[in-house]
Amino acid sequence: MPSMGVSILWTLALLVAVPIIKLVSILVKPYFSNLRDLPGPPGGSWVTGHISELNRSETDRAECHLNWLKEYGHVFVYKSLLNSDRLTTVDTKALNHILASPMVYYKPSHLRLTLGQLIGEGLIFAEGAAHKRQRRVMNPTFSLGNIRQMTAIFMTKALELRDSISHHIATQGEDPLDAIPYVSRCTLDIVGLAGFNYDFNTVKDGVTSRGTSMGESTDELARAFSQSYRTDAGYATIQLLMAWIPPLRWVMFDKVTVASDQAQKTMRRIGKRLVREKKRALGFSVDEEKDDAKSHGTVFAREETKKDLLSLMIVANMSPDVAPEQKMTEVEVMHQIPTFMVAGHETTATALTWSLFLLATHKSIQSKLRRELATLGTDMPTMDELNSLPYFEAVLKESLRLYPSFENTLRIAQADDVIPLEKPFTDRKGRLQDRIRLKKGDGVFIPILVMNRLESIWGPDAAEFNPERWKDLPGEASTVPSVWGNQFTFLGGPRSCIGFRFAVMEMKAILYTLIRSFELELAVKEEDVLRTSAIVTRPMIRGQIEKGTQMPLIMRPVTV
């Protein structure tokens, strides 16, 4: 009994000591940081740093960073939670260096914890050697040729979306329609079929009066993902506390956390079944008793069974050209399913919603785009036909530039590093610096939205929706780390978005169908549409925050 009492006391002591030590180390670190001499805003709360200033603008969260850039220059530091330093720079040479060094710069622990609970240990979660190994296997899956073959799926589901909206108009007239659940269901159906040949069929199920995209679905996987993919501020706070104070991960069992954990178990169970069914269909042996990473066999399935992303990935992973130690485990393959759902569903639906908003508020651009789309004269264009429309390409690039799904991301240095600069800066002591010296543990803020709206790159009309700019792109845009469109939306380097081609073609298919079929008009004042960022950037309406995210549009059939 005494020994048990001592063990309990030691456990309690650790529960108290660990967060205290963590807190002290965080509070002391800024005084020894190389970043303390960099320019930046003064003050800041010991608890929240400059977060309150960043959140002050309800319409554009990038506004504060843009103001700091004007005041302090292209390299500065602001205070984050618990007074910790966050390096911020728009120097393209520095950003290229950071994004090209994935073995040095990882996502912070609180973000990885959230991602791990949301989508498991798939490609987005993985860091370092694990990410490099997964990426090497998955790269061929997202080839141009594979996306070309999936375009018919995109178009078929886009036509189902058109019919669903037409039904709404026929029954409800010109009553405002919330575009978010409609578009969200369409992208979910697309990623289900193109991702792992799984038809959620949510577009044909229709949209409920509450307007949820998945939570009310009859499909178990869709409901589980909806519960897991929570984006409200309260849940985000819980995740942050558990990341910064690890013992809380074992003691915080509120109903939200429990429900999310149950949803994860459901997703893992269904994911495991899908992976093993795919393996059998492709002719690979499956060991039911263990992680079957090393299974082998001859691919005898019909060609059409190998066209979805999961099948293509399994075939690539089982290739004899991939060394055994470089193969993904079955668990890693399974975790790519929710990864596909996040990357191909929610982020794309959000980007599409903002595209519809921009077109609804710029009628002349909408009309010009519709005229170009009409030149194809078909409901089922191929990928090459969609890519042959220059104004369509410009509209999509401009929309994704102004409204990236993610406004920013964070990185933490895993080792000391020296970041080179294209342009020197002057530190607080008046010294000219041509590089930034980081210590292990220093944080870096990656300003995606700010880079996309920077006047020094895009010109004085950087904040305006102007597709014409893509006819004569400023030379400075070529220096932006990018895999598509000379913009920061999909990032650049080894950690750039692997599915950017999938996302772009998915958006093109849906926009092509909707703009040819409907005239769009915003049902509220443009200035009342607010940006809210909780994992991805979604719209809310001023005065209707309690209704959650929404994009009310009036949609009328196009008359010939």
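Take the conditions (1) buried (at least 16 other Cβ atoms within 10 Å of the Cβ); (2) basic (Lys, Arg); (3) in a helix (DSSP H, G or I); Arg86 misses just one of them, which is (3). Given the structure, is Ser33 surrounded by fewer than 16 Cβ atoms within 10 Å (Cβ to Cβ), at negative phi and either out of contact with any helix residue (DSSP H, G or I) (no Cβ under 9 Å at 6 or more places or on another chain) or without any contact (Cβ under 8 Å) to a residue 40 or more places away in the chain (or both)? Here the answer is no, as Ser33 does not meet what is asked.
Contact map, the stretch 106-121: first residue modelled with pLDDT of 85 or more, second residue assigned to a loop (DSSP other than H, G, I, E, B), Cβ cut-off under 8 Å, separation 6 or more or different chains; pairs are Tyr106/Glu127; Tyr106/Gln414; Lys107/Glu127; Arg112/Phe125; Arg112/Glu127.
Of all the listed residues (Ala224, Ala194, Ala158), the sole one being touching a helix residue (DSSP H, G or I) at 6+ places or on another chain (Cβ under 8 Å), assigned to a helix (DSSP H, G or I) and modelled with pLDDT under 95 is Ala224.
Of all the residues in the stretch 508-558, those that are within 29 Å of Met383 (Cβ to Cβ), of a type in the set (S, T, N, Q) and modelled with pLDDT under 95 number 1.
When the criteria are applied in full, Arg135 fails the requirement of being part of a helix (DSSP H, G or I), among the basic types (Lys, Arg), out of contact with any Leu (no Cβ under 6 Å at 6 or more places or on another chain) and buried (at least 17 other Cβ atoms within 10 Å of the Cβ). Test of understanding: among Ala17, Ala94, Ala62, which residue is at pLDDT below 90 and surrounded by 15 or more Cβ atoms within 10 Å (Cβ to Cβ)? So the residue among Ala17, Ala94, Ala62 that is at pLDDT below 90 and surrounded by 15 or more Cβ atoms within 10 Å (Cβ to Cβ) is Ala62. State whether the residues of the stretch 372-383 include one that is in contact (Cβ under 8 Å) with a residue 12 or more places away in the chain, among the hydroxyl-bearing types (Ser, Thr, Tyr) and touching a strand residue (DSSP E or B) at 6+ places or on another chain (Cβ under 9 Å). No, every residue in the stretch 372-383 fails to be in contact (Cβ under 8 Å) with a residue 12 or more places away in the chain, among the hydroxyl-bearing types (Ser, Thr, Tyr) and touching a strand residue (DSSP E or B) at 6+ places or on another chain (Cβ under 9 Å). With the structure loaded, tell me whether Val47 is part of a loop (DSSP other than H, G, I, E, B) and either at pLDDT 75 or above or surrounded by 13 or more Cβ atoms within 10 Å (Cβ to Cβ) (or both) or whether it fails that test. When the stated conditions are applied, Val47 passes them.
Consider the stretch 431-467 and keep the residues that are of a type in the set (D, E, K, R) and under 27 Å from the mean Cα position of the chain (by Cα). The one that is farthest from Ala94 (Cα to Cα) is Glu464. Considering the conditions (1) among the hydroxyl-bearing types (Ser, Thr, Tyr); (2) modelled with pLDDT of 90 or more; (3) not in a loop (DSSP other than H, G, I, E, B), Ser319 is excluded by exactly one of them, (3). Considering only residues in the stretch 468-506 that are among the aliphatic types (A, V, I, L, M) and surrounded by fewer than 19 Cβ atoms within 10 Å (Cβ to Cβ), the one that is nearest to the chain's Cα centre (by Cα) turns out to be Val483. The set of residues in the stretch 527-546 being surrounded by fewer than 19 Cβ atoms within 10 Å (Cβ to Cβ), touching a residue at least 24 places away in the same chain (Cβ under 8 Å) and not in a strand (DSSP E or B) consists of Glu527, Arg542.
In the stretch 326-414, counting only helices (runs of 4 or more DSSP H) that sit wholly within it, the ones holding 2 or more residues that are under 25 Å from Leu54 (Cα atoms) and under 23 Å from the mean Cα position of the chain (by Cα) span 347-360, 390-402. On the given criteria, is Ser355 closer than 30 Å to Lys440 by Cα, of a type outside the set (Phe, Trp, Tyr) and touching a helix residue (DSSP H, G or I) at 6+ places or on another chain (Cβ under 7 Å)? So Ser355 fails the test.
The values are calculated or read from the model by the stated rules, or taken from the named source; none is laboratory data. Note that the structure is a prediction, hence the values are computed from the model and not measured. All Cβ positions, glycine included, derive from the backbone under ideal geometry; neighbour counts span all protein chains shown.
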